Amino acid sequence: MSKVFKAFKKAIVKEGEFKKFFRKHTPGSRIFPPKAGNNDATFQLRFDAGEVVNGMKNVYLQVNSQATNDALKKFRGKHGTHANIATAQIKEDTPPEEQQDVINDMLDQIEDQFKEIIN
């Protein structure tokens, strides 16, 4: 697995950022990382919110414009910064005590797709 994705995944889980995935978002808005400071360059990836259908929120993994990883730069050059590397769905009203498990499962799905497309 890419070091970039591994660090990105760790930041979401370790720092409790996974709770943001269960908030209400406008489709197309950023979930993680916040668009502030040098986050785009540091993480090189982002999760954007999609539409909610029957209580299931679509989430999209995309590459940031400041990505420096060669594989991510190649993907960005070919597909742009709004192309989805991977997609998943989460139940928006997941109880707080189940959220970390849901995110871990979602990140495993995303990781599999990431490996197929980027690695």
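At negative phi, among the hydroxyl-bearing types (Ser, Thr, Tyr) and more than 15 Å from the chain's Cα centre (by Cα): does that describe Thr68? For Thr68, the condition - at negative phi, among the hydroxyl-bearing types (Ser, Thr, Tyr) and more than 15 Å from the chain's Cα centre (by Cα) - is met.
Of the residues making up segment 72-111, those that are part of a helix (DSSP H, G or I) and exposed (fewer than 13 other Cβ atoms within 10 Å of the Cβ) are Gly77, Lys78, Pro96, Glu97, Glu98, Asp101, Asp105, Asp108. Scanning segment 1-11 for residues that are out of contact with any Pro (no Cβ under 9 Å at 6 or more places or on another chain) and either assigned to a helix (DSSP H, G or I) or surrounded by fewer than 16 Cβ atoms within 10 Å (Cβ to Cβ) (or both) yields Met1, Lys3, Val4, Phe5, Lys6, Ala7, Lys9, Lys10.
With the checklist (1) hydrophobic (A, V, I, L, M, F, W, C); (2) touching a strand residue (DSSP E or B) at 6+ places or on another chain (Cβ under 7 Å); (3) surrounded by fewer than 20 Cβ atoms within 10 Å (Cβ to Cβ) in hand, flag the one item Ala41 doesn't pass. Single failed check for Ala41: (2). So is Thr87 in contact (Cβ under 8 Å) with a residue 24 or more places away in the chain and farther than 17 Å from Lys9 by Cβ or not? For Thr87, the condition - in contact (Cβ under 8 Å) with a residue 24 or more places away in the chain and farther than 17 Å from Lys9 by Cβ - is not met. Filtering Phe75, Phe22 for residues that are in contact (Cβ under 8 Å) with a residue 60 or more places away in the chain and touching a strand residue (DSSP E or B) at 6+ places or on another chain (Cβ under 8 Å) leaves a single hit, Phe22. Scanning segment 30-63 for residues that are within 12 Å of the chain's Cα centre (by Cα), modelled with pLDDT of 95 or more and assigned to a loop (DSSP other than H, G, I, E, B) yields Pro33, Gln44.
The values are calculated or read from the model by the stated rules, or taken from the named source; none is laboratory data. Since the model is a prediction, treat every value here as computed from it, not as a measurement. Cβ coordinates were reconstructed from backbone atoms using ideal geometry, including for glycine residues, and neighbour counts include every protein chain displayed.
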